[in-house]
Amino acid sequence: MGRLVIVSNRVGVPKRGDAPTAGGLAVALKDAFSNRGGLWFGWSGTVSADPPDVVKHARRGNVDYAVIDLSQEAYEGFYAGHANAALWPVFHFRLGLLSYDRDHAECYRAANRRYAEKLLPLLRPDDTIWVHDYQLIPLGAELRAMGSRHRIGFFHHIPFPPWAVFSAMPGAEEVIRALLAYDLVGVQTHRDLTGLLDCMAQGTGMKVRAGGEIRFRGRRTRFRAFPIAIATDEFAELAARNVTQPATQRLQASLAGRDLIIGAERLDYTKGLPERLRAFGALLERFPEHSSHVTYLQVAARSREDVESYKDLKREIEHLAGRINGDYSDADWTPVRYVGRAVPRDTLAGFYRIAKVGLVTPLRDGMNLVAKEYVAAQDPEDPGVLVLSRFAGAAEGMPEALLVNPLDAYGMAEALNAALTMPLEERRERHAAMFRRLQAHSVSGWAKSFLDALERPDTSDTTHSRAAALSVFQPRLLSRSAATSSDSASEESVVSHVAGWSTARAS
Ligand code: GDG
C-alpha cells in the first residue's frame, strides 16, 4: 500500500514529543497515517513579505510534514480574498456577503498552481492523495495538468448549495468543472450531496449517472456523503476529567447555582451569533421566570479579522450583548458573558459538561463538531440538552436534539425554555440515543470509509452506504414527549431504507 498524502490549507506541524491530541483533522487522520505513514502538505500559516520559495520539512513519527509560506499578495488575494470573501459566503448560501474580484480569483488559481508545483516533486507513484476543503478545489486539476496519475480524493467540509445559489458567483462553472479532476468527492450530508450533484449536472452540462458519478474523458468521478465524526469516548473522558479542574470549578462557583447555557465557536457570520443573542433576549422577555436564574456564556474565538464582514459582526455581537445586559442585569447577575477569544480545549470540555444547555445554532454548517462534542461531554446520569439548528449538518444525525430555525427568535426562546425545564428522564433518553450514535461512528471510521471508497471503489460502496446511513437520516422535530424515537428497531429500518436507496441508485 502506498503512502497517504494529505493536503490541507493550514498545516500545524506538531512540536517534537507532542501527542497529536489537538483536535480537528489531526485526530481524524491519526489512525489513517498510523498503519502506512505519509506526507502532510500545505500552508505553514506564515505570511512572508518576501517568501523564500522553499518547502520546509519536518518528520514526526511516520509522517513527513512539508509546508510553504504565502506571500502577502497570495494571502490577500487567495486566502482572505477569493477563498474567504467569495467561496465561503457562497457555499454558506450568503449571496449578500459574496464579494467577487477577478484578480482575487486569479490569485486563487495561482496559489493552487503553486501548491501543485511544490507538491508534485514530493510524490511517489503509488501515493494516494487526499485534498481538503474549498481553498484547494483546483489543486486536483493543477496536478493532473502537470501529469499526475495518482488516486486523488477531495473532501468538502462546508455546505454545498444547489446550482441556483452557487451559480451566482462569477466563475462558478470553472470551480465545478475542477471537481472532475478527482476520483472521489466527499461532502458531509445527504443535503450537501443533493446540492453537489445539482451543481455537477447543471454546472458541467454532463450526465450524472445512477449512484452519483460522472464519466468524462476516460475518467470517472464519484460523489458521496461521508459525515465527519468525533473521538467520542476520548472527548467524554476529557470533559469528565476537566470538571474538577480549577477553570471549570471557578466557572461553576461564579454561577451561584444558576443554570448555564453555553455556545462556543469561531466568530463567524455562519454561526448565527447575533440571532442566538436575540433568542436569549426573547427568552428573558417571554419567560421572565428565568430572569436571574440562567447565565448564557458565549465563547467566540477570533477569526479572519482582516475580512470586513467579520469586523461588522464583532461590533454587532458586542452591541447586542451589551444591550441585553443593560436591559436585564441585576447588581448580582449578568445574563450574558461574552469571551472574545479561544479557551483551551480541555477547559472548554469541562465547561460543556456543566452547561445545562448547549446552544448550537448556525445559519448553515457543513457538520458542526461543537454539537457532537457537547453531547459527548455530558454526564449520562444528568445530561444537558442540545438546542441545535436544523441547518447544521449535525442535525441529520441528531434528531433527539431540540431542532430550531435560528431565524425564529421566539421559536428558539421556546426551545430554550423547554431545555431548561425538561424532566431528567427525558434528558437522559435523548442524550443516550445521541451518544450511542456518536459512539457508533468514530472519527477514524470516517477517514477509513473515505479512503476505502477512494482506493477500493468497486467494493466500498455497499459497506459505506450502510455506515453512512446510520448517521445520515432525515431530522425530525420531536415533540417533548416523543423523546426516544431512535431505538434500535427504528434505526435499523432507516438503515435498510437508505442503504436500499443507495444500492438501487448504484445499480
Ligand atoms: C469546518 C466546517 C465542520 C471552538 N471554540 C473553541 C474551540 N472550538 C473548536 C470546537 C470544534 C472546532 O473548534 C470547530 O468545529 P466546527 O465543526 O464547529 O466548525 P468549523 O471550524 O467551521 O469547521 C464544519 C468542520 O469543518 C469539520 O468537518 O464540522 O461544518 O465549517 O472542535 O470545539 N476550541 C478551543 N477553544 C475555543 O474557544 N480550543
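The values are calculated or read from the model by the stated rules, or taken from the named source; none is laboratory data. Just so you know, these numbers come straight off a predicted model, no measurement behind them. Cβ atoms come from the backbone with ideal geometry, glycine included; neighbour counts cover every protein chain shown. For the accessible areas, the whole protein counts, side chains as well, though only heavy atoms, and no ligand, DNA or RNA atoms are used. Shrake-Rupley method; radii C 1.70, N 1.55, O 1.52, S 1.80 Å.
Observations on the structure shown:
- Among the residues making up segment 52-103, those that are touching a Gly at 6+ places or on another chain (Cβ under 7 Å) and among the hydrophobic types (A, V, I, L, M, F, W, C) are V63, V67.
- Verdict on R341 being outside the structural domain of D101 (by TED's automatic domain parsing) and over 30 Å from R241 (Cα atoms): no
- Filtering segment 266-279 for residues that are over 17 Å from T361 (Cβ atoms), assigned by TED's automatic domain parsing to the domain that holds R345 and either touching a helix residue (DSSP H, G or I) at 6+ places or on another chain (Cβ under 9 Å) or surrounded by fewer than 16 Cβ atoms within 10 Å (Cβ to Cβ) (or both) leaves an empty set.
- Every residue from segment 363-392 that is under 13 Å from the mean Cα position of the chain (by Cα), small (G, A, S) and in a helix (DSSP H, G or I): A371
- Entirely in segment 264-362, the helices (runs of 4 or more DSSP H) that have 2 or more residues that are at pLDDT below 95 and more than 16 Å from the ligand (Cβ to nearest atom): 308-328
- Filter result for A395 (within 20 Å of the chain's Cα centre (by Cα), touching a residue at least 24 places away in the same chain (Cβ under 8 Å) and not in a helix (DSSP H, G or I)): no
- Scanning segment 132-157 for residues that are touching a helix residue (DSSP H, G or I) at 6+ places or on another chain (Cβ under 9 Å), assigned to a loop (DSSP other than H, G, I, E, B) and either open to solvent by less than 10 Å² (accessible area, probe 1.4 Å) or away from the ligand (no atom under 16 Å from the Cβ) (or both) gives I137, P138, M146, G147, S148, H150, H156.
- K30 falls short on exactly one of the conditions (1) in contact with a Pro (Cβ under 7 Å, 6 or more places away or on another chain); (2) open to solvent by 10 Å² or more (accessible area, probe 1.4 Å); (3) closer than 25 Å to R304 by Cα, and that condition is (3).
- Here the condition is being more than 8 Å from the ligand (Cβ to nearest atom), open to solvent by less than 10 Å² (accessible area, probe 1.4 Å), over 18 Å from Q252 (Cβ atoms) and small (G, A, S); of A409, A401, A377, it holds for A401 alone.
- In segment 162-171, the qualifying residues are those that are surrounded by fewer than 24 Cβ atoms within 10 Å (Cβ to Cβ) and not hydroxyl-bearing (S, T, Y), and the one that is nearest to R113 (Cα to Cα) is G171.
- Single residue of V67, V13 found to be part of a loop (DSSP other than H, G, I, E, B) and of a type in the set (A, V, I, L, M): V13
- Check on R59, loosely packed, with under 14 Cβ neighbours inside 10 Å, closer than 16 Å to I6 by Cβ and in contact (Cβ under 8 Å) with a residue 40 or more places away in the chain: no
- Pair list, Cβ under 7 Å, 6 or more apart: segment 358-371 residue touching a residue at least 12 places away in the same chain (Cβ under 8 Å), other residue basic (K, R) and more than 8 Å from the ligand (Cβ to nearest atom): L359/R276; T361/R276
- Qualifying residue in segment 240-255 (condition: of a type outside the set (K, R) and either crowded, with 23+ Cβ neighbours inside 10 Å or within 21 Å of the chain's Cα centre (by Cα) (or both)): yes
- Of all the listed residues (A225, A210), the sole one being out of contact with any strand residue (DSSP E or B) (no Cβ under 8 Å at 6 or more places or on another chain) and aliphatic (A, V, I, L, M) is A210.
- Verdict on L197 being assigned to a helix (DSSP H, G or I) and closer than 23 Å to G366 by Cα: yes
- Restricting A110, A22, A66 to residues that are modelled with pLDDT under 95 and among the hydrophobic types (A, V, I, L, M, F, W, C) narrows the list to A22.
- Residues satisfying the stated conditions in segment 253-263, i.e. in contact with a strand residue (DSSP E or B) (Cβ under 9 Å, 6 or more places away or on another chain) and either away from the ligand (no atom under 16 Å from the Cβ) or more than 19 Å from D332 (Cα to Cα) (or both): S254, L255, A256, R258, D259, I262, G263
- Any hit, segment 172-194, residues being more than 20 Å from D458 (Cβ to Cβ), assigned to a loop (DSSP other than H, G, I, E, B), in contact (Cβ under 8 Å) with a residue 60 or more places away in the chain and open to solvent by less than 40 Å² (accessible area, probe 1.4 Å): yes
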